[in-house]
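A short worksheet on the structure shown next.
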Amino acid sequence: MKSTEKIFNDWLEDEDTKKKNLSNITIDNYKRTVKNIGFGILNGQESIIKKLNSNFDNPNTRASFLNMIIILREYINKDTDKLIKLRNDMKKEITVLRKEKLKEAEKKLPSLEEVETELEKLDGIKYVINYLILNYGLRNKDLNLVYVDKLPEDKTENYITPMKGGFKLSINDYKTNKSYNEKVIKIKNKEFNKKFKSMKYKDGMYLISNKENKPYGISNFNNRILKNTIFDLGEGKMFKILIKNLIEKKDFEMIDNLSKTRGTDMSTIMSSYNIYNNGEK
């Protein structure tokens, strides 16, 4: 009888799987999930459901393991009807949990006015990071920027380059780049331009890097972004503050603009970042 890891490795090497062009991050996440399942996936569906419910209290965690099990069982042509029904039922549970978390988060988040007051006090890279998050909803990965005097023809990274009256961002390496392609953002804010110019970046310099001008690994980079955000909020919470303010003002045009600059569809923004996602607004 094949082990779960052997089934996973066979699935990973399958031509149909390769056509999906899974990212290295997704593959690593799948590997960790498979390694920690803790029971055989060839058991009966009811047995698997009992194990999932007893081993994993958090519905999001349970859903990750369940999804992996369904993928592998479908690959080896094992029945999945009861597992798929469970997954559909769990979506409702996860939605309820998300709404509860968002509502709880509202009580702890500062107002946009408080955050913008802090922004005015900042300089240097801390100002740049927070300005880009608050004005364009950029994610951590978007902020891994390299300054260039001129954009290259083959754009594989995220760039910031001078243009008439300001600076232009060319973001090519980000979470949803396969759906949105290159994101181009033009910045003509006088305060941003003044503060960015004062940092005196030269062609080829990363905005956030080690002493050898080498970009940090993902985990280290994300930690540095977190520590540089206002009140250590992180980009996710800052985006929630921004969306909360725009919903209160009913400025859905701006939310639509942020959907484009962030690279996130409106439905995801309204379900995952809207702290009013409980029917109150």
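The values are calculated or read from the model by the stated rules, or taken from the named source; none is laboratory data. The shown structure was predicted, so the numbers you read here are calculated from the model rather than taken from an experiment. Every residue, glycine as well, gets a Cβ built from its backbone with ideal geometry; the counts of neighbours run over all protein chains shown.
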Which residue, of D149, D79, is acidic (D, E), touching a helix residue (DSSP H, G or I) at 6+ places or on another chain (Cβ under 7 Å), assigned to a loop (DSSP other than H, G, I, E, B) and at pLDDT 90 or above?
-> D79
Pairs only if they're at least six apart or on different chains, beta carbon under 6 angstrom, first in segment 150-170 and under 13 Å from I185 (Cα atoms) and crowded, with 18+ Cβ neighbours inside 10 Å, second of a type in the set (F, W, Y) and modelled with pLDDT under 95; list them, first residue then second.
-> none
Scanning for something assigned to a strand (DSSP E or B), modelled with pLDDT of 95 or more and farther than 18 Å from S219 by Cα, does segment 119-140 turn up at least one residue?
-> no
Across segment 84-121, what is the total count of residues that are touching a residue at least 40 places away in the same chain (Cβ under 8 Å) and of a type in the set (A, V, I, L, M)?
-> 6
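Results for (1) touching a strand residue (DSSP E or B) at 6+ places or on another chain (Cβ under 6 Å); (2) exposed (fewer than 13 other Cβ atoms within 10 Å of the Cβ); (3) modelled with pLDDT under 95; (4) part of a helix (DSSP H, G or I), shown as yes or no for each residue.
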| residue | (1), (2), (3), (4) |
| --- | --- |
| N29 | no, no, yes, yes |
| R32 | no, yes, yes, yes |
| I37 | no, no, yes, no |
| S54 | no, yes, yes, yes |
| R62 | no, no, yes, yes |
| I69 | no, no, no, yes |
| L72 | no, no, no, yes |
| D89 | no, yes, yes, yes |
Out of all the residues in segment 215-231, is one or more out of contact with any strand residue (DSSP E or B) (no Cβ under 9 Å at 6 or more places or on another chain), of a type in the set (A, V, I, L, M, F, W, C) and on the phi > 0 side of the Ramachandran plot?
-> yes
Considering only residues of segment 100-117 that are surrounded by 14 or more Cβ atoms within 10 Å (Cβ to Cβ) and modelled with pLDDT of 75 or more, which is nearest to N228 (Cα to Cα)?
-> V115
Subset of segment 13-27 that is within 18 Å of I76 (Cβ to Cβ) and surrounded by fewer than 15 Cβ atoms within 10 Å (Cβ to Cβ) - its residue that is modelled with the lowest pLDDT | K20
Kindly state which helices (runs of 4 or more DSSP H) lie completely within segment 196-281 and contain at least 2 residues that are among the basic types (K, R) and crowded, with 19+ Cβ neighbours inside 10 Å.
-> 234-248
Has segment 222-242 got at least one residue that is among the basic types (K, R) and touching a residue at least 40 places away in the same chain (Cβ under 8 Å)?
-> yes
Across (1) more than 28 Å from K240 (Cα to Cα); (2) without any contact (Cβ under 8 Å) to a residue 60 or more places away in the chain, W11 clears everything bar (2)
Meets criteria (under 17 Å from L143 (Cβ atoms) and within 18 Å of the chain's Cα centre (by Cα)) for N257 | no
